[in-house]
Amino acid sequence: MKIGILGGTFDPLHFGHIRPAIEVKQQLELDEIWLMPNHIPPHKNTTHVSTVDRLAMAQAACEQYPELKLCTIEAKRDTPSYTVTTLTTLKQQYPQHEFYFLMGMDSFLSLQSWHQWQRLFTLCHLVVCQRPGWQLSADHPMQAIITAQEANTVVNATSKSGNIFQVPITEQPFSSTQIRANLAQQLPTDAALPASVQQYIAQHQLYSSKA
């Protein structure tokens, strides 16, 4: 199967994560999108709720959206969640699958700072979600990478890794920071959060100023 991988802290998971993932699934005709909450993000100091709660919110969203599946591989790891380590393990566990790793253009521009980033092209395809305000200039170091890999995509269209797909997505005006602030102030979050995630947050009083 063709599997899209969307990683993140998901603190909380919101439509800014879900809708672009579903758009990518449809445009690239993927079979599933695996949501992969991480336990110890290498680029962030901490999260605002526990890993257990973030996993539960992701599972709730998966139950509401059947095209989404929960992947717990990083959440169960006690060391920083390096993408190359995770994808190496996934390739070993699921050799029959073809993995597509989703990232925003902002993340792609900083890819060279990632741990062993070059190995990603031997493990998966990269899906770069194009967002307004983030452009790849002609002289940016990653432009040469994207040009070479897109040429590779044409030549090796059936390859199970190494291709780059630039996918335009609908802009979503949501951020986890703003959603947490709204929840703390008991402001409506219906537009930003799936009903299943809202219900879990309410039941467990997450992000409340009283929590």
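The values are calculated or read from the model by the stated rules, or taken from the named source; none is laboratory data. Just so it is clear, the structure is predicted and the values come from calculations on it, not from any experiment. No Cβ is skipped: glycine too gets one built from the backbone with ideal geometry, and neighbour counts run over all protein chains shown. Accessible surface areas use protein heavy atoms only, side chains included; no ligands, DNA or RNA. Shrake-Rupley method; radii C 1.70, N 1.55, O 1.52, S 1.80 Å.
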field: Pair list, Cβ < 6 Å and 6+ apart or interchain, from the range 1-27 residues that are on the phi > 0 side of the Ramachandran plot to residues that are crowded, with 20+ Cβ neighbours inside 10 Å
entry: Phe10/Pro37; Phe10/Arg54; Phe10/Ala58
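Count, please, the residues in the range 180-211 that happen to be part of a helix (DSSP H, G or I), open to solvent by 80 Å² or more (accessible area, probe 1.4 Å) and within 23 Å of Pro20 (Cα to Cα). Please lay out each step first, then the result.
Restricting attention to the range 180-211, the residues satisfying the condition of being part of a helix (DSSP H, G or I) are 180-184, 195-204.
Checking which are open to solvent by 80 Å² or more (accessible area, probe 1.4 Å) leaves us with 199, 203-204.
Within this subset, residues satisfying the condition of being within 23 Å of Pro20 (Cα to Cα) are 199.
Within the range 180-211, residues that are part of a helix (DSSP H, G or I), open to solvent by 80 Å² or more (accessible area, probe 1.4 Å) and within 23 Å of Pro20 (Cα to Cα) number 1.
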- prompt: How about the range 94-107: which of its residues are under 12 Å from Ile164 (Cβ atoms) and at pLDDT below 90?
  reply: Met105
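For the range 60-104, how many residues are closer than 26 Å to Gln27 by Cβ and among the small types (Gly, Ala, Ser)?
Of the range 60-104, the ones closer than 26 Å to Gln27 by Cβ are 60-71, 73-74, 83-84, 86-87, 90-91, 94-104.
Now narrow it down to the ones that are among the small types (Gly, Ala, Ser): 60-61, 104.
Residues flagged as closer than 26 Å to Gln27 by Cβ and among the small types (Gly, Ala, Ser) within the range 60-104 amount to 3.
For the range 31-54, name all the residues that are within 19 Å of Ile3 (Cβ to Cβ) and open to solvent by less than 10 Å² (accessible area, probe 1.4 Å). Please lay out each step first, then the result.
The initial filter retains those residues of the range 31-54 that are within 19 Å of Ile3 (Cβ to Cβ), namely 31-38.
Passing the criteria: Ile33, Leu35, Met36, Pro37.
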statement: Reported set for the range 117-139 where residues are part of a loop (DSSP other than H, G, I, E, B), open to solvent by less than 80 Å² (accessible area, probe 1.4 Å) and at pLDDT below 90 is Pro132, Gly133, Leu136, Ser137
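What do you reckon, is Glu150 assigned to a loop (DSSP other than H, G, I, E, B), more than 19 Å from Thr86 (Cα to Cα) and either open to solvent by 40 Å² or more (accessible area, probe 1.4 Å) or modelled with pLDDT of 90 or more (or both)? Talk me through it step by step, then tell me what you get.
Numbers: assigned to a loop (DSSP other than H, G, I, E, B): no; more than 19 Å from Thr86 (Cα to Cα): yes; either open to solvent by 40 Å² or more (accessible area, probe 1.4 Å) or modelled with pLDDT of 90 or more (or both): yes.
Taking the combined requirement at face value, the residue does not satisfy it.
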The lone exception for Ala60 - which of (1) in a helix (DSSP H, G or I); (2) without any contact (Cβ under 8 Å) to a residue 40 or more places away in the chain; (3) hydrophobic (A, V, I, L, M, F, W, C) it fails: (2)
message: Within the range 68-116, take every residue that is part of a loop (DSSP other than H, G, I, E, B) and of a type in the set (Asp, Glu) and give me the one that is least open to solvent (accessible area, probe 1.4 Å).
response: Glu74
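Met57 - would you say it is over 29 Å from Gln112 (Cβ atoms) and crowded, with 20+ Cβ neighbours inside 10 Å?
Details: over 29 Å from Gln112 (Cβ atoms): yes; crowded, with 20+ Cβ neighbours inside 10 Å: yes.
In short, yes.
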- line: A careful count of residues in the range 1-30 that are open to solvent by less than 30 Å² (accessible area, probe 1.4 Å), in a loop (DSSP other than H, G, I, E, B) and not hydroxyl-bearing (Ser, Thr, Tyr) gives 6
